[in-house]
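The structure's right below; bear with me while I get my questions together.
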Amino acid sequence: MRRLLATSLLITSAAAAAPAQPSPATPARSVRMHTAAERARDVEAFLSARSVRPASLPHHEVTTLADTGPGSLRAAIEAANAQAGMALIEFAPTLEGRIVLKGTLTIFDSVVIAGPGADRLAVDGDNQRQVFWIGPAADAHRPEVLIAGLTVNGGLAPSGAGIGSRDANLTLADCVIRDNNTSNALSDKYGGGVYQEQGSLHVDRCVVRANSAGTSGGGIAARDAALTVQDSFVDSNLATQGAGIYADTQAAVELRRSFIGNNLASRRGGGVDVAARGAPALLENLTVAGNYVRGEAPSDTGGGIWLGGSGWLRLSTISGNLLFNHPRDEQSSAGVHFDGPGVLELGSSVIAFNSVAGGSVDLGNTAGTIQSYCNLIHSPASPTWNGDRTLQGVDPLLQPLADNGGGTLTMAIAADSPARDQGCDFEYSDQRGFPRRTSWDFRVDIGAYEYGADRLFANGFEG
């Protein structure tokens, strides 16, 4: 936490020196999490997808906040580990507070941990130890794990301080992952909040906040693993690169319907850093705003997003991000930076008012090809793309970050924004989950926010 406070001073001083551009403040808002009944349906869906009937599972109940002993979460996990196959861990209806750990909770086998709600119960590493470690026992199958309805905080470890997972398929739902930090150990330093190596990580309706990593992925890090993040809020995390989300993998990376903001990296990828070495990464319906790269060399770049390999960036809004390295390479960008060697398909996105020292640079690339269709890019480093119908040097008339419905923060567009009805990517909903208006006018808006989609009669006549 001391590191977070110290680096906030760097953001303040850098922002003061940067050119005057819209730099949105973040309202006090997190994702809409599911109710207990909805989480119960989530558990059923998770088990059904794995052909498991809930009634057939061993059940273990947590009845105490004590770290050890009968009724503890540790005892329930140990019992689940001792039984082959999936198990279900639930909590007594009246249990709430903090479980302060004296040792890491280790999961070896498939399990569902169905918490009572992240606002009711926290599992706390006491700023001394990793909270959860997940991985198969020797020569065992890959665990299938769901952790839902918990806060995970106060973790300390070389990597995966909050949750570390290797060779497992991990799903996190309705969780808060906050204030976890990688230690000063000489190795690793990936994933202050969550670290996934091999296997897969699926993050759904989670808040990942105020975590830090010495190397990569202050909030979330995935290496050689598939990664999906959706309907989530990733903010105020710290790392050398990929402060919010970091992935270096040949497997699929999909980021959808999420807010990624106010994260701080010292070198690259303030909000997102993805090296998609195999399948193209998909970034869709995102708002990436207020992220910051401090910059230690002229080539440091990607205040909002750094993407290598190949990928799609669609129907997203990238604005108010900062890059503060001086001198700066000509192509280094405060908004989105593409480093190839493949193709970035850039479609129906707003990339505007991302600031560097002495000006605004929204899009740059050092390798590969950018195909741009139906975007609004205010200040690119240079015309680095192929394609058509890209608006350049035009103000999108973005509104400040706000709770515009749907559970995550967005930047609305004004009624007379040039981004209205100018998109050419098809998608059923915007970032908020509200319907895109293709069924009425066959043209979506550029960016993560669809104007008028939250109105009862979104028929194109609301003005």
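The values are calculated or read from the model by the stated rules, or taken from the named source; none is laboratory data. Model, not experiment: these values are computed from the prediction. All Cβ positions, even for glycine, are placed from backbone atoms using ideal geometry, and neighbour counts span all protein chains on display. The accessibility values were calculated without ligands, DNA or RNA, using every heavy atom of the protein model including side chains. Shrake-Rupley method; radii C 1.70, N 1.55, O 1.52, S 1.80 Å.
With a 1.4 Å probe and all protein chains left in place, how much accessible area per residue does the range 152-238 have, in Å²?
In whole numbers, the range 152-238 has 23 Å² accessible per residue.
Now, a different point. Taking the inverse of the average 1/r across all pairs of different Cα atoms in the range 276-412, what Kirkwood radius in Å do you get?
14.6
Next question. Quick one: accessible surface of T68, probe radius 1.4 Å, all protein chains present, in square angstrom to the nearest 10.
Counting only protein heavy atoms, the figure is 90 Å².
Here's another thing I want to ask about it. Kindly report the accessible area of the range 284-329 per residue (heavy atoms of protein chains, probe 1.4 Å, no ligands, DNA or RNA), in Å².
Per residue, the range 284-329 has 24 Å² of solvent-accessible surface.
In the range 193-345, how does Rg compare with the Kirkwood Rh, expressed as the Rg/Rh ratio over alpha carbon atoms?
0.93
Cα-Cα pairs above 21 Å in the range 169-236: how many percent?
17
Give the accessible area for W306 in Å² (nearest 10); use a 1.4 Å probe, count only protein heavy atoms, and leave out ligands, DNA and RNA.
20
Another question, if that's okay. Among DSSP beta bridges lying fully in the chain, give the percent that are antiparallel, nearest 5.
Counting DSSP beta bridges with both partners in the chain, the antiparallel share is about 5 percent.
Follow-up. Size of the dipole of the range 30-104 about the Cα centre, Lys and Arg at +1 and Asp and Glu at -1 on the beta carbon, nothing else charged, in debye to 20?
In total the dipole reaches around 160 debye.
Same structure again: What Kirkwood radius, in Å to one decimal, follows from the Cα pairs of the range 126-270?
14.2
Search the structure for amide H atoms under 5 Å from the amide H of V203, placed 1.01 Å from N in the peptide plane, and list their residues when 5 or more places away or on another chain.
Sorted by chain and number, the residues that satisfy this are L172, T228, V229, Q230.
For q = 0.24 Å⁻¹, what log10 I(q)/I(0) does the range 31-133 give under the Debye formula with an equal point scatterer on each alpha carbon and no solvent?
Values, matching the q order: -1.43.
Let me ask something else. How big is the dipole moment of the chain about its Cα centre under a simple scheme where the beta carbon of each Lys and Arg is +1, that of each Asp and Glu is -1, and everything else is neutral? Debye, nearest 20, please.
560
Next question. So if I average 1/r over every pair of distinct C-alpha atoms in the range 274-342 and take the inverse, what Kirkwood radius in Å does that give?
Across the range 274-342, the inverse of the average 1/r is 12.3 Å.
Over 12 Å, how big is the tail of the calculated P(r) for the range 334-381, in percent of all Cα pairs?
So the portion of pairs separated by more than 12 Å is 59 percent.
Still on this structure, please answer the following. What net charge do the residues around P298 carry, taking every other residue with its C-beta under 11 Å from that of P298, with Lys and Arg at +1 and Asp and Glu at -1?
Charge balance near P298 sits at -3.
OK, next. If Lys and Arg each add +1 and Asp and Glu each add -1, what is the summed charge of the other residues whose beta carbon sits under 14 Å from the beta carbon of P93?
-1
Using +1 at the C-beta of Lys and Arg and -1 at the C-beta of Asp and Glu, which of S332, G406, V131 has the Cα lying farthest in the positive direction of the dipole of the chain?
V131
If you add up the charges near H337, with Lys and Arg at +1 and Asp and Glu at -1, over every other residue whose beta carbon is less than 14 angstrom from its beta carbon, what do you get?
-3
Also: I'd like the carbon and sulfur percentage of the solvent accessible area for the chain, probe radius 1.4 Å, heavy atoms only, ligands and nucleic acids excluded.
So the carbon and sulfur contribution to the accessible surface is 52 percent.
Want the number for D403 to R98: 0.36 nm per residue separation, take away the alpha-carbon distance, what's left?
Net length gain for the segment: 106.9 nm.
Now a separate question. Please compute P(r) over all alpha-carbon pairs of the chain, binned at 10 Å starting from zero, and give each bin as a whole-number percent.
Per 10 Å bin, starting at 0, the Cα pair percentages come out as 5, 22, 31, 24, 13, 5, 0.
Now for a different question. Go ahead and estimate [θ] at 222 nm for the chain from helices alone: -39,500 (n - 2.57) per DSSP H run with n ≥ 4, summed, over the residue count, rounded to 500.
For the chain, the value works out to -3000 deg cm²/dmol.
Out of residues 5 or more away from V253 or on other chains, whose amide H comes under 5 Å of its own, with H placed 1.01 Å from N in the peptide plane?
Answer set, sorted by chain and number: L227, L282.
So what is log10(I(q)/I(0)) for the range 108-168 at q = 0.20, 0.21, 0.27 1/Å, when the Debye sum runs over its Cα atoms only?
For the range 108-168, the Cα-only Debye profile gives -0.80, -0.86, -1.09.
Output wanted: per-residue J couplings in Hz (rounded whole) for the range 225-238, from phi through Karplus 6.51 cos²θ - 1.76 cosθ + 1.60, θ = phi - 60°, x for Gly and Pro.
Per-residue couplings from phi come out as 9, 6, 9, 10, 10, 9, 6, 10, 10, 10, 8, 6, 9, 10 Hz.
Restricting to Cα pairs below 8 Å that are 6+ residues apart, what does the relative contact order work out to for the chain? Please round to a whole percent.
Relative CO of the chain lands at 9 percent.
Once the convex hull of the C-alpha atoms of the range 363-454 is built, how many Å³ does it hold per residue, rounded to a whole number?
It is 111 Å³ per residue.
Continuing with the same structure: Give the peptides 123-136, 415-428 in descending order of average Cβ contacts within 10 Å, highest first.
Result, highest mean first: 123-136, 415-428.
Give me the base-10 log of I(q)/I(0) for the range 320-361 at each q in 0.22, 0.28, 0.32 Å⁻¹, Debye formula, one uniform scatterer per Cα, rounded to two decimals.
-0.77, -1.02, -1.14
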